[in-house]
Amino acid sequence: MIIKSKPLPYFLLKFAAGLLGIYFKLFYNKMVIREIPVKRDHSYLLMCNHFSFLDGFLAFYLCHKVLMKEHGMKRLYIMSIKKQMEKNPWLRYIGSFSVDPGKLSIEESLNYAAEILAEPGNLLLFYPQAKLESSHIRHIKFEEGIAHIIPKIKGNTQLIWSSNLIEYFESTRPSVYFHMKDCGTNHAFDFDSLKETVNLHHRAAIESHFRYTTEPDQ
């Protein structure tokens, strides 16, 4: 059995996002978002690279600055490993629901994710890699879960990718760069095309940070 979420009401979501923005202004040198147009009357599947403990907070900041600003997103959901939710019960109250890879309940989790995305205004935060890796790897390996979720969605869902990268350059404090990519909707979904689109975008995002170096083709 999965642990279902109890997402924050919209006004608390906005309040929490505002507090997080104040903290990030103190911690980071700058936060640069390369935005995309947000489709109205859709739900949103936000996919990001998974490289740190702060990933969820960074994605929440991105949602606040882009998707909530456009009055598209109203509720936030996050697919989280069941063991983490059992250790941290509070996660369900910020929108997390459980997935238990390798167990029979995984089908229930995937169906629940599709149900969430059937309602306009809902946003599901998803990490296709399903594990932590460096933000500067050149290839994002997608696990199969997303290929089972998207065909089950009944409704209109915008598929969004963001390559989130951290750099220091001349500052003693890190800067975060959010490279967003509109990957279409669930109605035109093709798993292989999505993987190719994301990986071309991710590599281009990394290379856009190179100032004086040209890497040879591998």
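The values are calculated or read from the model by the stated rules, or taken from the named source; none is laboratory data. None of these values were measured; they are calculated from a predicted model. So basically every Cβ, Gly included, is an ideal-geometry build from the backbone, and we count neighbours across all protein chains shown.
Considering (1) among the β-branched types (Val, Ile, Thr); (2) surrounded by 20 or more Cβ atoms within 10 Å (Cβ to Cβ); (3) over 28 Å from residue 40 (Cβ atoms), the lone condition that residue 78 does not fulfil carries the number (3). Counting only helices (runs of 4 or more DSSP H) wholly contained in segment 1-106, the ones carrying 2 or more residues that are closer than 21 Å to residue 167 by Cβ occupy 10-27, 55-62. Starting from residues that are out of contact with any helix residue (DSSP H, G or I) (no Cβ under 8 Å at 6 or more places or on another chain) and in a strand (DSSP E or B), keep the ones in segment 168-182 and report whichever is nearest to residue 112 (Cα to Cα). Checking each candidate, the answer is 182. On the stretch given as segment 186-216, residues that are surrounded by 12 or more Cβ atoms within 10 Å (Cβ to Cβ) and either at pLDDT below 90 or not aliphatic (A, V, I, L, M) (or both) total 14.
Among the residues of segment 110-119, is there at least one that is within 19 Å of residue 56 (Cα to Cα), surrounded by 14 or more Cβ atoms within 10 Å (Cβ to Cβ), in contact (Cβ under 8 Å) with a residue 60 or more places away in the chain and not acidic (Asp, Glu)?
There is at least one residue in segment 110-119 that is within 19 Å of residue 56 (Cα to Cα), surrounded by 14 or more Cβ atoms within 10 Å (Cβ to Cβ), in contact (Cβ under 8 Å) with a residue 60 or more places away in the chain and not acidic (Asp, Glu).
Pairs meeting the criteria (first residue in segment 18-33 and among the hydrophobic types (A, V, I, L, M, F, W, C), second residue at pLDDT below 90, beta carbons under 8 Å, at least 6 apart or on different chains) are lacking. Let me spell it out: the conditions are (1) outside any loop (DSSP other than H, G, I, E, B); (2) crowded, with 16+ Cβ neighbours inside 10 Å; (3) of a type outside the set (Lys, Arg), and residue 142 meets all of them except one. Which number is the exception? Just one mismatch for residue 142, condition (1).
Rundown of residues vs (1) farther than 12 Å from residue 49 by Cβ; (2) touching an Asp or Glu at 6+ places or on another chain (Cβ under 8 Å); (3) assigned to a strand (DSSP E or B), yes/no style:
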{"site": "166", "(1), (2), (3)": "no, no, yes"}
{"site": "184", "(1), (2), (3)": "yes, no, yes"}
{"site": "199", "(1), (2), (3)": "no, no, no"}
{"site": "202", "(1), (2), (3)": "no, no, no"}
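Taking the criterion of being under 16 Å from residue 96 (Cα atoms) and at pLDDT below 90, the residues of segment 40-72 that qualify are 53, 54, 56. Only residues that are surrounded by fewer than 17 Cβ atoms within 10 Å (Cβ to Cβ) and either under 24 Å from residue 75 (Cβ atoms) or touching a Leu at 6+ places or on another chain (Cβ under 6 Å) (or both) were counted in segment 157-183, giving 1. Can residue 43 be described as in contact with a Leu (Cβ under 7 Å, 6 or more places away or on another chain) and of a type in the set (S, T, N, Q)? Judged against the criteria, residue 43 is a match.
Looking only at residues of segment 55-104 that are acidic (Asp, Glu) and in contact with a strand residue (DSSP E or B) (Cβ under 9 Å, 6 or more places away or on another chain), we find that the one that is farthest from residue 128 (Cα to Cα) is 86. When segment 145-154 is filtered for residues that are buried (at least 17 other Cβ atoms within 10 Å of the Cβ) and either assigned to a loop (DSSP other than H, G, I, E, B) or among the aliphatic types (A, V, I, L, M) (or both), the ones remaining, listed by number, are 146, 147, 149, 150, 153. Filtered by the rule that a residue be part of a strand (DSSP E or B) and of a type in the set (A, V, I, L, M, F, W, C), segment 107-129 gives 123, 124, 125, 126.
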